[in-house]
Structure formats: structure tokens, C-alpha cells
Amino acid sequence: MQISDLIPWGRDKEKTPASDSGRSTNPLAVLQRDINNVFEDFWHKVESGWNGRTSAIGMFGPSTDVSEADDSIEVSVELPGMTDKDIDISMSGDAITIRGEKKIEHEEKRRGVYMSERSYGAFYRTIPLPPGVDTDKAEATFKNGVLTVALPKTADAQAKVKRIPVKAS
């Protein structure tokens, strides 16, 4: 076995000993197939976690944007399906932490069929803040699934902003 056999996109499935669709009773072939399935499942979860909304460890990673202007810093977090009651924001001297839990339950009863689905995910983001943020005047709003935290800068921090003109050469 080579390391490339462990990577789903580098493996030629026709050449692996466990590619017989589960028909082999050879214990080594069964072990190989099980190990391959574990790695395939892991890579699938990692890939969907990094470009989707869930990760391999049961947490989801919401999209977060941080922007800075001369007078404030703004943090925006996309949290579809959540309410303001699901979100907790805390600040310590030089960082803001945003936590949340997403719980979705779906239940359906029809013609003798009962279906119940539940999903759960938690997240937290800690964002370091530059010196000069006026934490006493921070405000948070939640609208249409987007949390926006406005963090104004102190007058001192605003006065220290220096613009440097760019000259064409």
C-alpha cells in the first residue's frame, strides 16, 4: 500500500484488493475495505465541512466577515435558520467571541409513516480586536439570518489614523 491509496482522489479503485464490492471473505481484504471506507468517509466530511456548513466534528462553520473603517470595526456572521436567542456574544479586552447553537427538528406523519429528523450544530468564533475599540458602545443586530456587530473605535484611535497619499511615478 502506498500513501496515495489513502487519498480518495488519488486512488484507482479497480486496483485495490478490497474493490470487490464486499464479496470477499478474506479477512485482510475485508480489513482493507473497512479502512478505505473510513478514509473515504473522513475525506467526504472534511470536504463538505470546508466548503459547506458542517464539519467532521459536528460543528458548523458560518461565514464570517470582518471589516475595518477609520471609525469602527464591523463583524458580520451568516447564521441562517438561527434566532437571536441562539446566539451569545462576549467580549474580553482584546477579542470578541460569538457562540451559537443550531437545532433543527423535522417531524412528518402521513399514511402510517412516521419520520423524524434532528440535526444539531454548535460554533464559536473568537476574533482578535485591535487596540482602541470602545467596547462599551458595541452594538449587535440580527436581521434575515445575518448577525452584525458594530464596534466603534475610541476618539484616540480615530485620531491616530494617518492617510498616506499615493503618488504616480
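FYI, it's all coordinate maths here, none of it is from the lab. On a predicted model such as this, the values are computed, not experimentally measured, just so you know. Quick reminder, even Gly has a Cβ in these numbers, built from the backbone with ideal geometry, and neighbours come from all protein chains shown.
Numbers below:
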{"read-out": "Net length gained if the chain between D88 and V166 were fully extended (0.36 nm per residue, minus Cα distance)", "value": "23.9 nm"}
{"read-out": "Förster radius 22 Å - calculated FRET efficiency between K137 and D65 (Cβ-Cβ, nearest 0.05)", "value": "0.60"}
{"read-out": "Sum of side-chain charges, S116 neighbourhood, beta-carbon under 13 Å (Lys, Arg +1; Asp, Glu -1)", "value": "-1"}
{"read-out": "Under 5 Å, built H, 5+ apart or other chain: amide partners of L79", "value": "V146, L147"}
